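First comes the structure, then the notes that go with it.
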Amino acid sequence: MRAVMAAVVSLVLALTGCTAIATTGPVEEVPLAAQPRGIEIAPEPPSADMTPVRLVEGFLQAMADPEGDYAIARQYLTSEAAARWAPREALVFDGGVTGGAQSAGAVGLAIGSLDEHRRYTANRQPFEHDFGLVQEQGQWRISVPTEGLLLTRYNFERYYSRVTLYFMSRVGAHVVPDPIHMPESLVTPNNVMQALFEGPDEDLGRSVIDALPKGTRLGAGGATIDQGGVVTVDLAGLPVVMGDDDLRGLGAQLLWTLTSVARFTGLVVTREGGRTLPIPGASANGVLELATQQGYQVLSRAAATDLFGVRRGRAGRITGQDEFEVLTGISFRVSDIAVSVDGASMAVINEQRTEVSIGSLGGPVNAVELPLSNLRSPQFVLGTLWVLGDDWTGTPRIATVDRGGQVQMVTTEMTVGRVQDFSVSPSRARILIIADVRGVPTLGIASLLGSNPVTATGWEPLEIVAQSGELLTDPVSPTWQAETSLAVAATSGGVRSVFTSLLDGSVVQDLGAVTGEIVDVTSNVRLGGGPVAVSTGQEVTWRYEARTRWTRLADDVSAVAYPG
């Protein structure tokens, strides 16, 4: 049912609120773009004799509708302001409209912004704007609109969709996500392709390869979708000759990007003259389907889903309500555990945190010599083990151990702070790092470059603003919940809780508090986000699931880990 929003809605109400990828095994059903949410914005133009406050409220609602280059929103402006207004960027804010008989403004908190490429940056700061209301032909009109769009948090979260662009990894044959945000009504094959042509985010650009050859653009046929959900993309400017590897990369990048389009089922690529581009893996009629492209998406294959943990020094599988199955092959007491996403490999840290051992799940493990002590935060990413420890000077360092047992120290380029904890993204392009910045634990995100050596560079603090408008503080145990979202324990407004957020700090959800001090957070990372579990200082394990919220799962468990 398509609901029609009234034009003038009270703003107060609106604000409530080089690693091989497995190519065998069962195929997991991949969640494609959700069907349209059934909500159509239908703002009305300003009515006669609107008061200043109601006029501004109507303008704010109209800015959520991009139809006709924001044609309705421009009607709230003076003729001069409407002609010069260029809504290429946007500010997202929480607040309200204030005013009187002859003026009106918006007051509140700016919580983030969208740049001209539609990428979101969280940034909390006070916001105030006077819209400069004047009389034009006997009616109030706005003479000083904000430089770009001004979106309430409500309108941003309700009427904007996350579109995930994909580019090819430099260290493996898989795609890497790059999220942007677009008005839902603009999420069409043509617009998504135009966004892809703009290339990756600047920081991510050093970790990926754009499989679209330089100079490629949409041809005369554009990008269209048929009734069966097959998108045909007509490309101009392609090289005359392309090798199979280049064609495979091109097809994977386009196909996974277009999963943001509702009803998408497959891809056909044509070039000048309407000739179908012969991409390896396409069907006899030239359609590239998701079923043949699973290996390019690191989260698209079925993986181990059990929750693992450490109980009284023994590693095991948490099989049910307070049921714990001890894993064989480990003859010593352990403090932490990690399991690979395919369930084939396991790593454990001994009780003294001086040694890490790796082996098959449930089988014998062998110690790996690392030049680190106080080992912690073990995690598998694309089959490689990552672990944090302290070097001989006491400086925290991140190390990797590949399938062959080769150890490599990760170079962490940070101008401030020391690493307290970390989590590597499923595609191994980004890394979440909690750094001690002048005594304050600060969550940030960096890019991962290279494979030998590996460098974490460009770390920047990640501001996450809760629905209350408060910044999250005192973060603990960050983890990836999906390919573009994270989970972390943090404090907001004096209350300790677990939060999920997109990697850019947008679309934040409070999962709620649990009893006890959270010391470990883990998630069964999935394309659409998997369950989250935590352990507390009282050695109690809780698991969050959408329908049941937090469930007390097991006692006497000091560490938990989903496969990764």
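Values quoted throughout were computed directly from the atomic coordinates according to the rules given, and no laboratory measurement underlies them. From a predicted model like this one, the values you see are computed outputs, not experimental measurements. Every residue, glycine among them, receives a Cβ derived from its backbone with ideal geometry; neighbour counts consider all protein chains shown.
Projecting the Cα atoms of I445, G363, T232 onto the dipole axis of the chain, where Lys and Arg carry +1 and Asp and Glu carry -1 at the beta carbon, places G363 farthest toward the positive end. Here E157, E517 are placed in order of increasing Cβ neighbour count within 10 Å, fewest first, which gives E517, E157. Dipole magnitude for the chain: computed about the Cα centre from +1 point charges on Lys and Arg Cβ and -1 point charges on Asp and Glu Cβ, it is near 600 debye. For the stretch 247-343, the list of trypsin sites (Lys or Arg not before Pro) that fall in a loop by DSSP and count at most 16 other C-beta atoms within 10 angstrom reads R263, R312, R333.
Between [x] 21; [y] 15; [z] 25, which entry matches percent of Cα pairs over 43 Å apart as derived from the coordinates of this structure? Working out percent of Cα pairs over 43 Å apart from the coordinates points to [z]. Of the residues T522, T484, the one with the fewest other Cβ atoms within 10 Å heads the list, and the complete ranking is T484, T522.
Taking the charge dipole of the chain about its Cα centre, with +1 at Lys and Arg Cβ atoms and -1 at Asp and Glu Cβ atoms, the residue from H174, A48, T121 reaching farthest to the positive side is H174. Dipole size of the stretch 346-447 about its Cα centre, with +1 on Lys/Arg Cβ and -1 on Asp/Glu Cβ: approximately 280 debye, rounded to the nearest 20. When +1 charges are put on Lys and Arg Cβ atoms and -1 charges on Asp and Glu Cβ atoms, the dipole computed for the stretch 161-296 relative to its Cα centre reaches about 160 debye. Amide hydrogen proximity for E198: with H placed 1.01 Å from N in the peptide plane, no residue at 5 or more positions away or on another chain lies under 5 Å. Each residue in M409, M182 was given a count of other beta-carbon atoms within 10 angstrom of its own, and listing them fewest first yields M409, M182.
A helix-only calculation puts the chain at -3000 deg cm²/dmol for mean residue ellipticity at 222 nm, using -39500 (n - 2.57) for each DSSP H run of at least four residues, averaged over all residues.
Measuring nothing but how far apart in sequence close Cα pairs (under 8 Å, 6+ apart) lie, relative to its length, the stretch 307-561 scores a relative contact order of 13 percent.
Among the trypsin sites (Lys or Arg not before Pro) found in the stretch 133-235, those both in a DSSP coil and sparsely packed, with 10 or fewer other Cβ atoms within 10 Å of their Cβ, are K214. Simple rule: put +1 on each Lys or Arg Cβ and -1 on each Asp or Glu Cβ in the chain, find the dipole, and look at L486, T98, L372; the Cα lying farthest toward the positive end is L372. In terms of packing, defined here as the mean over residues of other Cβ atoms within 10 angstrom, the peptides 372-378, 506-512 line up highest first as 372-378, 506-512. Using the empirical formula 2.2 N^0.38 Å as the baseline, the Cα radius of gyration of the stretch 307-561 reaches a ratio of 0.95.
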